[in-house]
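Visitor: Encoded as structure tokens, here's the structure I'll be asking about.
The values are calculated or read from the model by the stated rules, or taken from the named source; none is laboratory data. Values in this document were obtained by computation on a predicted structure and should not be read as measured data. Cβ atoms come from the backbone with ideal geometry, glycine included; neighbour counts cover every protein chain shown.
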Amino acid sequence: MIPRFTQSTLLTLAASAVVIGAPAKPVTAQASATPSLIVFITVDQMREDYFDRFSSQLHGGLGRLYRGGAFFSNAFQDHAITETAPGHSVTMSGRFPAHTNIVMNAEGVPDPKAALIGGGGPGASPYRFRGSVLMDWLRAKDPASRGLSVSRKDRGAILPMGRAKQNVFWYSMATNGWFTTSTYYADTLPTWVKNFNARRVPQSYAGQLWNPLLPLDAYPEPDSVPIENFGRNFVFPHPFPVDPDQAARLFADYPPMDSLTAQFALDGLNAMDLGRGPHTDLLSVSFSTTDAVGHRYGPDSRELHDQIVRLDKYLGIFIDSLYKLRDSSKIVFALTADHGTAPYPELRAAREHTKAQRADIWPTLYTAMAMLEGAGADSTTLQFEDGIIWINRDKTTKAGLNPDSVLGALAKSLRELDGVGRVDFVKDLAKADTTKDAVARRWLHMLPRDFPADLVLSLAPYAYYAGVTQSTHGSPNDYDAHVPVIFYGPWFKAGKYSDRALVADMAPTLAEVAGVTPTEPLDGKARIEAIRKP
């Protein structure tokens with residue numbers, strides 16, 4: 001019989017200082033003047049409605065933060081390309097991607113000049129990032145403040161720290177499974193990281209099974225949905241590869257990746273002696289498995305449901321362990337997401353008795369590109385990525401064509417396609433009433449002034465691009481932008497706040513309780529209504 005992984009096996013290889021047992025004492029009502037530790041948690045692809053949907057089953061960390069924290073239920077990432085890199089660039093900067101310069105995943109952290117230590121993957125750094133983050137403001141007040149940022153993804157670890165050369169580590173899936181960093185940050189891995197990697201935790205899952213954590217009747221979602229997971233292995237149980245090295249390479253697709261990330265963060269906290277005070281240290285943890293499971297199985301799947309209740313347990317153990325290591329009255333938690341997600345169009349259409357929309361834009365784009373090439377321009381004259389279209393005006397003019405006429409004709413043809421919601425000239429976005437036109441506002445918040453963009457294409461609500469075979473996100477529509485914003489700790493008044501809030505509000509709010517001043521203008525504001533006065 002192949003063993004299934006259980007809650008006990010998920011955390012047996014945690015750091016020796018992590019204590020697992022009875023829950024820690026609750027946060028005391030009286031806080032010190034400023035926190036000794038800020039713990040910023042980002043859950044990749046976490047929709048706000050998951051808290052209500054699964055609340056009766058959340059008895060760990062997610063439930064604790066949800067019920068005991070200041071929960072902003074009407075919060076958003078207020079930019080158009082709702083992807084991991086742009087979203088993480090906002091979390092601790094308090095600024096939109098138009099100001100952080102992180103426009104899309106492809107233009108996020110890839111950097112061939114900053115090789116991974118030990119190899120096994122592409123280089124990465126924050127060299128594209130502009131401006132400052134919370135870590136910079138803390139160090140401006142007290143240079144003794146230090147930061148640690150960890151994630152399964154490079155962009156999830158790097159961007160919350162901006163350009164600050166603190167301790168930043170991520171999981172290298174291209175190797176046999178270890179945490180690493182790039183030469184932007186260091187020349188060698190610290191001893192504690194080497195020791196953690198030497199445990200070979202991911203390899204220990206070879207041949208195990210991912211089965212539901214709860215009794216089967218606790219999951220209302222159907223298990224056999226062929227559109228999930230590319231039409232393969234879409235029914236529980238989901239086996240890990242039998243080969244240990246292959247299990248390590250694919251480990252990030254399974255819930256225990258979040259447990260491993262939490263263990264790694266606690267090891268780093270101990271090794272670096274973070275949170276001892278009197279200054280404020282920063283621990284950033286980005287949990288990525290909800291994104292991996294969401295892409296493979298979709299937001300309406302039994303697998304996603306199980307992932308959330310497992311993450312709830314992992315976070316509960318993480319918080320309890322942290323409270324046994326540090327004084328709970330000196331710790332602040334914040335939680336958000338980099339983006340939401342959309343259901344598979346076909347599943348939603350069946351449920352809502354409507355039409356599934358998929359926008360097949362490529363024939364129209366290829367026709368425009370062929371016309372330009374036929375006039376003498378080369379194949380790079382017109383480009384498209386993540387809804388952004390830009391044209392090389394010099395090449396178009398030299399080919400005897402008017403760039404705006406080419407773009408106008410292209411926009412007209414694209415608008416006629418099924419699944420395309422709108423196509424806007426970038427120069428016209430500022431003319432919109434951005435208090436009512438969320439799509440125009442989010443595109444304005446997306447694009448730096450020097451970014452080459454002529455047209456922006458927005459999909460119709462719940463439409464996908466043709467050919468996309470996984471559940472996905474990335475649009476300016478609310479379901480991709482609506483995320484949770486939670487503050488937890490003795491500095492905050494627990495309760496549900498329904499006023500509209502932004503992820504960009506989180507950094508200035510944390511700066512307020514930490515007694516530090518942002519070093520530049522921000523797009524967000526401190527949510528003082530949730531802050532408990534001393």
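Visitor: One residue is enough: does region 258-270 have a residue meeting the conditions over 22 Å from the mean Cα position of the chain (by Cα) and either in a helix (DSSP H, G or I) or surrounded by fewer than 24 Cβ atoms within 10 Å (Cβ to Cβ) (or both)?
Guide: The answer is yes, given that some residue of region 258-270 is over 22 Å from the mean Cα position of the chain (by Cα) and either in a helix (DSSP H, G or I) or surrounded by fewer than 24 Cβ atoms within 10 Å (Cβ to Cβ) (or both).
Visitor: Does G69 qualify as being modelled with pLDDT of 95 or more and within 18 Å of the chain's Cα centre (by Cα)? Steps first, answer last, please.
Guide: Numbers: modelled with pLDDT of 95 or more: yes; within 18 Å of the chain's Cα centre (by Cα): no.
No, not satisfied.
Visitor: Quick check on region 280-294. Is at least one of its residues more than 29 Å from G94 (Cβ to Cβ) and either outside any helix (DSSP H, G or I) or in contact (Cβ under 8 Å) with a residue 40 or more places away in the chain (or both)? Spell out how you get there, then give the answer.
Guide: Initially, region 280-294 is screened for residues more than 29 Å from G94 (Cβ to Cβ), giving 293.
After this cut, where a residue has to be either outside any helix (DSSP H, G or I) or in contact (Cβ under 8 Å) with a residue 40 or more places away in the chain (or both) as well, the list is 293.
Checking region 280-294: at least one residue is more than 29 Å from G94 (Cβ to Cβ) and either outside any helix (DSSP H, G or I) or in contact (Cβ under 8 Å) with a residue 40 or more places away in the chain (or both).
Visitor: May I pose another question? Take the residues in region 430-466 that are surrounded by fewer than 15 Cβ atoms within 10 Å (Cβ to Cβ) and touching a residue at least 60 places away in the same chain (Cβ under 8 Å); name whichever of them is nearest to D78 (Cα to Cα).
Guide: R449
Visitor: Condition first: without any contact (Cβ under 8 Å) to a residue 40 or more places away in the chain and either aliphatic (A, V, I, L, M) or outside any helix (DSSP H, G or I) (or both). Now tell me which residues in region 479-518 satisfy that.
Guide: None - no residue of region 479-518 is without any contact (Cβ under 8 Å) to a residue 40 or more places away in the chain and either aliphatic (A, V, I, L, M) or outside any helix (DSSP H, G or I) (or both), so the list stays empty.
Visitor: Would you confirm, using the coordinates I've provided, whether T82 is more than 14 Å from P484 (Cα to Cα) and crowded, with 24+ Cβ neighbours inside 10 Å? Lay out the reasoning, then the answer.
Guide: Working: more than 14 Å from P484 (Cα to Cα): yes; crowded, with 24+ Cβ neighbours inside 10 Å: yes.
When the stated conditions are applied, T82 passes them.
Visitor: On to the next question. Just a yes or no: is a residue in region 455-478 touching a strand residue (DSSP E or B) at 6+ places or on another chain (Cβ under 7 Å) and assigned to a helix (DSSP H, G or I)?
Guide: For region 455-478, residues touching a strand residue (DSSP E or B) at 6+ places or on another chain (Cβ under 7 Å) and assigned to a helix (DSSP H, G or I): absent.
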